[in-house]
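Engineer: Before anything else, here's the structure in question.
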Amino acid sequence: MRLILIILLLQCAIIPKGNPLLTFEKKENLTPTNATVFVILNQEAYSNGLKGKSDFNYYHILDQVRNSGLFPNLTNDLNQAEQIIEIEIQTRRTHNSILPFITVFTLSLVPYFQGIEIKENFLLRKKTGEILYSANRIQNRNYWFGFFFFVNGLIQLTKETDHNRFGFENEIIERMNQNVLDELILKGIK
Amino acid sequence: MLGSVYKYFSKLFLLFVILLGINGCFSFKESVVDFSIQDPEQSKDKKNLHAWIKIVNLPEYNHDIPKENVNAFITYKLYKFLRETNQFESVHILYSKETKLPSNSILLEFQFSKLEEKDKFHAMYFPFGIIGLGIGRYLTRTNYGFLLFTAFGGPDSVHQINYTGNLIAYDSKDQEKARTRINFQSEFNSNMLYYDKTTETNIKRKEMFLSTLQSLLRQWEGK
């Protein structure tokens with residue numbers, strides 16, 4: 001019984017690996033850029049080395065960039081744009097492919113493990129190619145799920161379009177992207 | 001009594017199989033186009049060229065992002081693909097005509113007349129899947145048979161790719177120097193064992209674009 005309780009307590013452990021994101025002071029007097037900016041997002045997701053899907057999408061990034069206050073003139077037309085923001089996000093998940101079945105069939109007594117690595121490359125350039133700002137971020141997490149996985153997995157299964165079962169990926173990407181924007185606001189565009 | 005119930009359900013089941021199968025034959029849907037290579041290639045013959053990709057002009061909407069952005073997004077995917085082939089000194093996107101190009105530049109234009117990817121549920125796979133389910137259930141005599149059914153793949157689908165067009169190379173003065181045809185039609189079965197059919201699609205696209213690019217570069221070098 002004690003063992004079961006201990007396992008249940010360890011059901012949803014999130015273990016960050018590697019360097020945490022640096023914190024940047026909030027700049028009080030923000031000077032937004034006058035240039036018209038076009039945002040490109042290139043996203044790739046891999047699960048155990050195979051191509052997968054990610055639920056994080058263009059609109060999340062667009063909202064974040066718009067809400068930063070630094071780029072008030074976002075455009076959907078590449079021809080009108082003076083500057084381009086290129087964002088590359090790559091998610092790599094690793095897990096045992098048999099473990100989810102074991103977790104479900106043992107009613108989460110054996111927790112499910114997943115490692116996730118997310119890389120972001122952020123680049124602001126002029127249309128002529130000159131790079132104005134570039135930043136890279138990388139985040140690693142180890143997840144242990146038990147009952148949480150079981151319940152959440154079943155709920156998410158009913159959602160046809162939701163490929164990201166836990167929503168943690170979105171949270172990490174949003175945090176990384178916000179961190180890049182905070183740095184950009186603090187340092188300013190060249 | 002039990003026999004008649006069994007017959008009734010088996011007929012109903014067969015009806016569902018036929019109806020779903022017929023429906024599946026007409027249920028093509030477009031899927032997202034993605035050109036990425038999973039890991040960068042180790043190129044042995046890197047060319048002393050700076051590649052610049054012109055913004056593509058796609059024939060039709062075929063992506064899950066706003067229509068006005070599709071051309072830019074696909075161009076970026078092609079750019080990343082070319083970057084990861086490691087065939088060039090550097091790879092860039094030509095956003096503006098005012099960009100100053102070095103003399104050893106190669107301008108690449110991807111002209112697509114057709115760019116289609118579709119998924120189809122195969123009519124025969126549903127009955128096969130049901131038989132697989134039955135075998136799984138019979139072999140294990142428990143509901144763990146469903147696990148076997150999942151492992152075998154279950155009802156499956158067919159993925160179709162159809163790309164046609166041209167890949168044109170220009171020099172730094174925008175003069176056409178080489179041209180090769182993009183002509184790629186493929187149809188393959190996807191299975192749950194592959195985890196995701198996009199992996200298979202990705203491999204096919206990579207093979208196609210690499211061979212097209214190499215053919216173009218051979219022409220370029222022989223000019």
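The values are calculated or read from the model by the stated rules, or taken from the named source; none is laboratory data. Predicted, not measured: the structure shown is a model, and the values here were computed from it. Positions of Cβ are generated from backbone atoms using ideal geometry, with glycine treated the same way; all protein chains shown enter the neighbour counts.
Engineer: Take the conditions among the basic types (K, R), modelled with pLDDT of 80 or more, surrounded by 12 or more Cβ atoms within 10 Å (Cβ to Cβ) and closer than 25 Å to A:D77 by Cβ and apply them to B:K100. Does it pass?
Structural biologist: no
Engineer: Also, quick follow-up: State whether one or more residues within segment A:50-64 are within 30 Å of A:R2 (Cβ to Cβ) and in a strand (DSSP E or B).
Structural biologist: no
Engineer: Output yes when any residue across segment A:126-134 is touching a strand residue (DSSP E or B) at 6+ places or on another chain (Cβ under 9 Å), exposed (fewer than 15 other Cβ atoms within 10 Å of the Cβ) and at pLDDT 80 or above, and no when none is.
Structural biologist: Yes: one or more hits.
Engineer: Do we have A:E88 as of a type in the set (D, E) and within 13 Å of chain B (Cβ to nearest Cβ) here?
Structural biologist: Yes: the conditions hold for A:E88.
Engineer: I would also like to ask the following. Kindly indicate the residue of segment A:72-119 that is at pLDDT below 85 and small (G, A, S) and also farthest from A:I61 (Cα to Cα) among those meeting that condition.
Structural biologist: Only one residue fits best here, namely A:S108.
Engineer: What are the residues in segment B:93-109 that are part of a loop (DSSP other than H, G, I, E, B) and closer than 9 Å to B:W52 by Cα, if any? It would help to see each step written out before you state the result.
Structural biologist: Let us first name the residues in segment B:93-109 that are part of a loop (DSSP other than H, G, I, E, B), namely B:95-104.
Answer for segment B:93-109, where residues must be part of a loop (DSSP other than H, G, I, E, B) and closer than 9 Å to B:W52 by Cα: just B:L101.
Engineer: Exactly one of (1) under 22 Å from the mean Cα position of the chain (by Cα); (2) facing chain A (nearest Cβ under 8 Å) is unmet by B:S96. Its number?
Structural biologist: It is condition (1) that B:S96 fails.
Here's the yes/no breakdown for (1) surrounded by fewer than 20 Cβ atoms within 10 Å (Cβ to Cβ); (2) facing chain B (nearest Cβ under 9 Å); (3) under 23 Å from the mean Cα position of the chain (by Cα):
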{"position": "A:I40", "(1), (2), (3)": "no, yes, yes"}
{"position": "A:E44", "(1), (2), (3)": "no, yes, yes"}
{"position": "A:N48", "(1), (2), (3)": "yes, yes, yes"}
{"position": "A:Q80", "(1), (2), (3)": "yes, no, no"}
{"position": "A:V110", "(1), (2), (3)": "yes, no, no"}
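Engineer: Looking at A:Y59 and the list (1) within 11 Å of another protein chain (Cβ to nearest Cβ); (2) in contact with a strand residue (DSSP E or B) (Cβ under 8 Å, 6 or more places away or on another chain), which single condition is not satisfied?
Structural biologist: With (1) within 11 Å of another protein chain (Cβ to nearest Cβ); (2) in contact with a strand residue (DSSP E or B) (Cβ under 8 Å, 6 or more places away or on another chain) applied to A:Y59, the lone miss is (2).
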